[in-house]
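This report concerns only the one structure given below.
The values are calculated or read from the model by the stated rules, or taken from the named source; none is laboratory data. Just so we're clear, the structure is a prediction, and the values are computed from it rather than from any experiment. Every residue, glycine as well, gets a Cβ built from its backbone with ideal geometry; the counts of neighbours run over all protein chains shown.
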Amino acid sequence: MSGIGKGIATSSIGKILQSRGYRVTALKIDPYINVDAGTMNPVEHGEVFVTSDGMECDQDIGNYERFLGEEMHAYNYMTTGAVYLSVITKERNLEFGGACVEVVPHVPEEVIQRIERAAARTKADFVMVEIGGTVGEYQNLLFLEAGRMMKLQRPDQVLFVMVSYFPIPQMIGEMKTKPTQYAVRSLNTAGIQPDIILARSSVPLDKPRKQKVSVFCNMQEEDIISAPDVSSIYEVPLNFEKERLGDRLLEKFRMPVRKKKDMSAWAERVRQARNAKKPIKIGIVGKYFGTGAFTLSDSYISVIEALKHAAWAEKRFPELHWLNAEEYEKDPKALWSLRDFDGIVVPGGFGSRGVEGKMRVIEFCRKNNMPYLGLCYGMHLAIVEFARNMALMEGAHTTEVDPQTKYPVIDVMPEQKENIAAKHMGGSMRLGSYACRLQAGTKAYNAYRVPRVKERHRHRYELNNAFRERLIKKGLVMSGINPERDLVEIIELPDHPFFVGTQFHPEFQSRFLDPHPLFLAFIQAATKKVSP
């Protein structure tokens, strides 16, 4: 089912195979008619991750990158919409030679071609394909059919791993296997027998449960792998290794171990994270948290993971708190509670809801030497707040919120005006990696320690260069510039412990073993605020 950990399981299997000396890549299939994830509501679908080549995709692509330490690309992601669009385009171009184009086999064949193309481009020994959704849903039947056809074509080269949930009803207190039995039966109706079951539950599977699943699901006991809840997702590969998952996969593929498994650096960082006791308290100010009676942190998952990576590297326990921007609009006195935090992050976003509350938080951070990191929209609003209160531009704003503002310090990019007018919205933002030249002596330069970097973008609005000099004269430092178009990429305040805003999304390039330099610098500044 959704959210049970298929992405983490895929990433973890890849990490294990990497440790055996193999080259791996991963693909995510989303069963949505959307052509990409860019138009999906983050509250419903979670974060939109952006690859270096500009694909707006599912957050699991971010998990793949964080675990594998390698860049994913547009060919690592597909949706039902993208597959159908490709098939229809080929039909319009007469690429089917006048044949009747049918859902089966032509749609599954397109899926298989995309998988093979990714394998060829990455020269991978293993291609892991994660099929989104739940077994038995109408939406993913075509992808299961593609898997069945691949297994038929190359039986020794395809294995199926099923991630299934084993509930423990509180009123009973006993783990139940029946949902998994029915899930396997549903998979069997699609012509697929799982080779491995990853048994997700709050606790490890015991032997009686493994025996029962083995009998009723027609599997060997050693192919039923326990996958209990863990304190950190980065412990999952180590847990799978304890269950000999890597060995079983290589045995089934009849492939040799190229080198002794080496996950020592990974295990050491996991140990460091587990032993981090001294907390660092970070507030994340956003609006994509609430979904009914529940809190959804997936909307900002890359930000969350980047903060964790940096905190663990500094041997701190990351204590993250969700702060609703609208509360600071209703009750300005609530701002004083921010003194309890060691640092504040305002992540990316869109629209006017909660904007004034975010700017009140930003002003508090600026005035009270609170370490602040603004990401994309968080940079825009920091500039608006500075323009209003330091550069005396009363009513300054972003034209995204106030198109009639007298001081449009943040304005839509010229080429984006055409996209908006034509309602050409999907896949049309400034997307992917762009160069950023850093100014020596700034906090940004000191964090990166190199004069030039490349970072990933996802936006339509930029700092308006017409107001650039006026803001600089009032003390705002433009520490990162895109050299090709002279666009401001990073702003900061010089006489502040840490007040930095980025036009790009540095969280997309943070890794478990390699925290992003700006997040690391932010956490280091925040630790100095922490009382010893």
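Here are the numbers for the structure shown:
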{"quantity": "Options 373, 335; residue that is closer than 30 Å to residue 528 by Cα, in contact with a Phe, Trp or Tyr (Cβ under 7 Å, 6 or more places away or on another chain) and at pLDDT below 95", "calculated": "335"}
{"quantity": "Residue check, residue 288 part of a loop (DSSP other than H, G, I, E, B), at pLDDT below 95 and either under 23 Å from the mean Cα position of the chain (by Cα) or surrounded by 18 or more Cβ atoms within 10 Å (Cβ to Cβ) (or both)", "calculated": "yes"}
{"quantity": "Residue list for the range 57-91, restricted to those being touching a residue at least 60 places away in the same chain (Cβ under 8 Å), in a helix (DSSP H, G or I), surrounded by fewer than 23 Cβ atoms within 10 Å (Cβ to Cβ) and over 11 Å from the mean Cα position of the chain (by Cα)", "calculated": "80"}
{"quantity": "Residue that is farthest from residue 15 (Cα to Cα) [pool: residues in the range 120-133 that are crowded, with 16+ Cβ neighbours inside 10 Å and either out of contact with any strand residue (DSSP E or B) (no Cβ under 9 Å at 6 or more places or on another chain) or among the small types (Gly, Ala, Ser) (or both)]", "calculated": "133"}
{"quantity": "Members of the range 188-214 found to be more than 28 Å from the chain's Cα centre (by Cα), closer than 19 Å to residue 134 by Cβ and among the hydrophobic types (A, V, I, L, M, F, W, C), listed by number", "calculated": "190, 192, 213"}
{"quantity": "Residue in the range 29-43 that is surrounded by 23 or more Cβ atoms within 10 Å (Cβ to Cβ), touching a strand residue (DSSP E or B) at 6+ places or on another chain (Cβ under 6 Å) and under 25 Å from residue 237 (Cα atoms) present", "calculated": "yes"}
{"quantity": "Single unsatisfied condition, residue 454 versus (1) surrounded by fewer than 19 Cβ atoms within 10 Å (Cβ to Cβ); (2) at pLDDT below 95; (3) of a type in the set (Lys, Arg)", "calculated": "(2)"}
{"quantity": "Restricting the range 246-269 to residues that are of a type in the set (Lys, Arg) and either over 23 Å from residue 513 (Cβ atoms) or in contact with a His (Cβ under 8 Å, 6 or more places away or on another chain) (or both), the residue that is surrounded by the fewest Cβ atoms within 10 Å (Cβ to Cβ)", "calculated": "254"}
{"quantity": "Filter result (outside any helix (DSSP H, G or I) and either touching a residue at least 12 places away in the same chain (Cβ under 8 Å) or small (Gly, Ala, Ser) (or both)) within the range 38-56", "calculated": "46, 47, 48, 49, 50, 51, 52, 53, 54, 55, 56"}
{"quantity": "Members of the range 227-242 found to be crowded, with 20+ Cβ neighbours inside 10 Å and either in contact with a strand residue (DSSP E or B) (Cβ under 6 Å, 6 or more places away or on another chain) or at pLDDT below 95 (or both), listed by number", "calculated": "227"}
{"quantity": "Check on residue 504, buried (at least 23 other Cβ atoms within 10 Å of the Cβ) and either free of Cβ contacts under 8 Å to residues at least 60 places away in the same chain or in contact with an Asp or Glu (Cβ under 9 Å, 6 or more places away or on another chain) (or both)", "calculated": "yes"}
{"quantity": "Residues (assigned to a helix (DSSP H, G or I) and farther than 19 Å from residue 511 by Cα) located in the range 12-37", "calculated": "37"}
